[in-house]
Ligand code: PDD
């Protein structure tokens with residue numbers, strides 16, 4: 001069952017008009033929320049980021065936090081009980097095609113649940129490969145916008161190169177992955193780029209930094225240069241659907257010893273314990 005504009009219905013019966021501004025302009029925002037054992041993970045944080053995205057595109061939140069909570073609870077209850085992720089999608093609604101905001105239009109609100117396939121033990125043990133590319137996205141990457149064409153093209157580069165992710169560089173600095181945040185380790189310090197308009201403020205990113213702080217893992221939030229990325233001892237990616245993954249090859253070159261590192265292993269253990 002999915003949720004669309006006030007109704008729960010089977011996905012086959014869910015339609016939106018072709019003039020929906022999400023379809024025509026990519027004019028909307030979204031969220032991805034993991035659900036473990038029927039409990040949405042870090043829900044308050046996801047709903048706060050949704051509000052930030054809505055504010056960023058000047059669209060009023062159609063629901064209160066408590067209404068979101070009860071809709072999400074119903075959606076989870078109506079879907080299979082296993083680990084899943086919720087996709088929330090809000091567009092500016094349906095109107096005659098005109099770039100400027102339409103007046104008096106209801107937003108379109110869509111939610112669906114999908115089984116969550118987190119990376120298996122093998123990937124956590126062997127690590128994954130990534131490539132780099134220039135970050136050619138817009139200047140508001142902090143908004144979780146549904147207009148994802150640059151991210152789609154950048155991620156496809158990773159797939160074409162038989163790797164897991166494309167790590168993005170802007171003006172010689174690491175920003176994030178095509179659909180993930182990136183951390184590195186140098187001199188036994190966990191380094192994270194600062195949350196600003198150049199990257200999505202990841203919910204998993206925040207949790208990793210919280211876990212590092214609570215467990216005396218030395219860490220620093222600061223700009224990371226391309227040189228520092230390329231000579232890092234460890235690189236890892238984080239996202240709600242991939243959790244935390246070690247990157248052991250970058251553009252065909254080994255990262256550190258080309259095996260998942262000690263900081264990754266510690267953070268992953270802390271993450272798995274936190275989740276449980
Ligand atoms: N994407 N940066 C980008 C560009 C992302 O698309 C994502 C997640 C992240 C990680 O954010 P979080 O930890 O809150 O998931 C960072 C989701 C999973 C997606 O688009 O499917």
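The values are calculated or read from the model by the stated rules, or taken from the named source; none is laboratory data. The structure displayed is predicted, hence computed values, not measured ones. No Cβ is skipped: glycine too gets one built from the backbone with ideal geometry, and neighbour counts run over all protein chains shown.
What about residue 191, is it over 21 Å from residue 275 (Cα atoms) and either in contact with a strand residue (DSSP E or B) (Cβ under 6 Å, 6 or more places away or on another chain) or modelled with pLDDT under 95 (or both)? In short, yes. For the range 42-60, the condition of being over 29 Å from residue 237 (Cα atoms), more than 16 Å from the ligand (Cβ to nearest atom) and surrounded by 13 or more Cβ atoms within 10 Å (Cβ to Cβ) holds for at least one residue. In the range 105-146, which residues are touching a strand residue (DSSP E or B) at 6+ places or on another chain (Cβ under 6 Å) and part of a loop (DSSP other than H, G, I, E, B)? Those that are touching a strand residue (DSSP E or B) at 6+ places or on another chain (Cβ under 6 Å) and part of a loop (DSSP other than H, G, I, E, B): 107, 116, 118, 119, 127, 135, 144, 146. When residue 68 is tested against (1) in contact with a helix residue (DSSP H, G or I) (Cβ under 7 Å, 6 or more places away or on another chain); (2) free of Cβ contacts under 8 Å to residues at least 40 places away in the same chain; (3) not assigned by TED's automatic domain parsing to the domain that holds residue 21, only condition (3) is not met. For residue 220, the requirement of being at pLDDT 95 or above, over 14 Å from residue 127 (Cβ atoms), outside any loop (DSSP other than H, G, I, E, B) and more than 16 Å from the ligand (Cβ to nearest atom) is met.
With the condition kept exactly as written, say whether any residue in the range 263-270 is modelled with pLDDT of 95 or more, within 17 Å of residue 164 (Cβ to Cβ), within 13 Å of the ligand (Cβ to nearest atom) and within 20 Å of the chain's Cα centre (by Cα).
No, there is no match, as no residue in the range 263-270 is modelled with pLDDT of 95 or more, within 17 Å of residue 164 (Cβ to Cβ), within 13 Å of the ligand (Cβ to nearest atom) and within 20 Å of the chain's Cα centre (by Cα).
Output the qualifying pairs, or none if there are none: Cβ atoms under 9 angstrom, residues six or more apart or on different chains, first residue in the range 4-18 and at positive phi, second residue at pLDDT 95 or above. Filtered contacts from the range 4-18: 5/16; 5/106; 5/107; 5/108; 5/109; 5/110; 6/109. Considering (1) crowded, with 18+ Cβ neighbours inside 10 Å; (2) within 16 Å of the ligand (Cβ to nearest atom); (3) over 16 Å from the mean Cα position of the chain (by Cα), the lone condition that residue 94 does not fulfil carries the number (2). If the condition is being more than 16 Å from residue 135 (Cα to Cα) and within 13 Å of the ligand (Cβ to nearest atom), then the range 180-200 contributes 183, 192. Taking residues in the range 26-49 that are under 16 Å from residue 76 (Cβ atoms) and in a helix (DSSP H, G or I), and partners anywhere that are near the ligand (Cβ under 10 Å from one of its atoms) and at pLDDT 95 or above, the pairs with Cβ atoms closer than 7 Å and at least 6 places apart or on different chains are 43/33; 46/31; 46/33; 46/203.
Filtering the range 64-82 to residues that are in a loop (DSSP other than H, G, I, E, B) and within 17 Å of residue 32 (Cα to Cα) leaves 79, 82.
Suppose the filter is touching a residue at least 24 places away in the same chain (Cβ under 8 Å) and not assigned by TED's automatic domain parsing to the domain that holds residue 205; does residue 109 pass it? So residue 109 passes the test.
Is there any pair linking a residue in the range 193-218 that is under 20 Å from residue 46 (Cα atoms) to one that is modelled with pLDDT under 95 and near the ligand (Cβ under 8 Å from one of its atoms), with Cβ under 9 Å and at least six apart or on different chains, and which? Close Cβ pairs (under 9 Å, with a partner that is modelled with pLDDT under 95 and near the ligand (Cβ under 8 Å from one of its atoms)) do not exist here.
Going through the range 71-93 one residue at a time, which ones are in contact with a helix residue (DSSP H, G or I) (Cβ under 8 Å, 6 or more places away or on another chain), free of Cβ contacts under 8 Å to residues at least 60 places away in the same chain and more than 15 Å from residue 11 (Cα to Cα)? Spell out the reasoning first.
First pass over the range 71-93, keeping only residues in contact with a helix residue (DSSP H, G or I) (Cβ under 8 Å, 6 or more places away or on another chain): 72, 84, 86, 88-93.
This time we only want the ones that are free of Cβ contacts under 8 Å to residues at least 60 places away in the same chain, so: 72, 84, 86, 88.
Residues satisfying the conditions are 72, 84.
Only a single criterion out of (1) surrounded by fewer than 17 Cβ atoms within 10 Å (Cβ to Cβ); (2) in contact with a helix residue (DSSP H, G or I) (Cβ under 6 Å, 6 or more places away or on another chain); (3) in contact (Cβ under 8 Å) with a residue 60 or more places away in the chain is not satisfied by residue 190, namely (1).
Is it true that some residue in the range 157-172 is near the ligand (Cβ under 9 Å from one of its atoms) and touching a strand residue (DSSP E or B) at 6+ places or on another chain (Cβ under 7 Å)? Checked the range 157-172: at least one residue is near the ligand (Cβ under 9 Å from one of its atoms) and touching a strand residue (DSSP E or B) at 6+ places or on another chain (Cβ under 7 Å).
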